[in-house]
Amino acid sequence: MHTALCGHATGTLKEYVDAAHSQNIELITFTCHVPLEPDRLFGGRGIRMTLKQLPDYRERVENARQYGEKLGVKVLCGIEGEIFPHPEAMASMKKTIEEQQFDFVLGSLHHQLNGYRDWLDEMKLIDDGDVIRTYFKGLINGVRSGVYDSIAHPDVIRIYGTVEPFPAEAYQAEIEEFLDVLKEEDHCMEVNTSGLIKGVYEVHPAPVVLDWAAARGIKLTMGSDAHAPSQVGQHFDAVREMLRQKGFKSLYYFENRERKETPL
């Protein structure tokens, strides 16, 4: 879940907690976008908070944690990190993450950022196939970096216009290589229910990718990627049932960067 500090979310943190409580959701984690500079690469104030706003973020989440205690909703403080081909920025981000001691760190490759698209142009990666293969190699590098706890919306490359929409089966080899590395590293992948309200209108990752993940025993975290209180827990019931039908038995969450299991 995000906060208004990112510049593209609405609502107060207490409203997010209330929304969780109304749906009998017992644990939520805020994962606002990590501060990163320069703005021309990482989107600036319409995408993420500044480093100076991190204390405000921590205070808001702490206040929400105290409020949630009264309602029986456990509130954790996470961050959504970037996977990006800029070693200096990634080193700075890693330092920030380590210093802040978050509960949970998502890893996201936001291909729609102007900075990432500029990098693709610089690398002369123009063909959709080359861009898609590079995207999944980037996710693999993110898994192996040890920075993140779970890889967020792993097939988001299918939407937002960097490439033409494509069926996951068209790049099965590349996606399965990513899944194999998740298994090898005992790393989590996110099931992101926000995909059902945008783009190709499928959960992230696509149902067929979840079949391939189930066959490997990949561990899953689940999030609504809520940018408004009304989106908290969106489509959770339907997605949980789908996961059960595919053979998944558990979901996972992180507290103090420690992975914990909960039955579906």
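Annotations
- Pairs where the first residue, in the stretch 247-264, is on the phi > 0 side of the Ramachandran plot and the second is surrounded by 11 or more Cβ atoms within 10 Å (Cβ to Cβ) and assigned to a strand (DSSP E or B), C-beta under 7 Å, 6+ apart: none
- If you go through the stretch 9-44 and pick out every residue that is aliphatic (A, V, I, L, M), part of a loop (DSSP other than H, G, I, E, B), over 22 Å from residue 70 (Cα atoms) and touching a residue at least 60 places away in the same chain (Cβ under 8 Å), you end up with 2.
- Residues that are surrounded by 12 or more Cβ atoms within 10 Å (Cβ to Cβ) and out of contact with any helix residue (DSSP H, G or I) (no Cβ under 9 Å at 6 or more places or on another chain) within the stretch 235-249 comprise just one, 240.
- Yes/no for residue 229 being of a type outside the set (D, E, K, R), under 21 Å from residue 83 (Cα atoms) and modelled with pLDDT of 95 or more: no
- For beta carbons closer than 7 Å, sequence separation of 6+ or different chains, a first residue in the stretch 192-220 that is farther than 18 Å from residue 151 by Cβ and a second that is assigned to a strand (DSSP E or B), there are no qualifying pairs.
- Here is the figure for the stretch 60-87: residues that are in contact with a Cys (Cβ under 8 Å, 6 or more places away or on another chain), more than 30 Å from residue 120 (Cα to Cα) and buried (at least 17 other Cβ atoms within 10 Å of the Cβ) total 2.
- If you go through the stretch 219-264 and keep only what is of a type in the set (D, E, K, R) and closer than 22 Å to residue 110 by Cβ, you end up with just 225.
- From the list 200, 208, the lone residue that is of a type in the set (A, V, I, L, M, F, W, C), at pLDDT below 95 and either outside any strand (DSSP E or B) or over 19 Å from residue 23 (Cα atoms) (or both) is 200.
- The condition of being over 25 Å from residue 178 (Cα atoms) and charged (D, E, K, R) holds for only one of 70, 94, 124, that being 70.
- Residue 81 meets the conditions (1) assigned to a helix (DSSP H, G or I); (2) within 19 Å of the chain's Cα centre (by Cα); (3) of a type in the set (Gly, Ala, Ser) in every case but one. The failed one is (1).
- Unique match (being in contact with a helix residue (DSSP H, G or I) (Cβ under 8 Å, 6 or more places away or on another chain), at pLDDT 95 or above, among the charged types (D, E, K, R) and over 21 Å from residue 150 (Cα atoms)) among 15, 69, 59: 15
The values are calculated or read from the model by the stated rules, or taken from the named source; none is laboratory data. This is a predicted model, so every value here is computed, not measured. We place every Cβ from the backbone using ideal geometry, glycine too, and count neighbours over all the protein chains shown.
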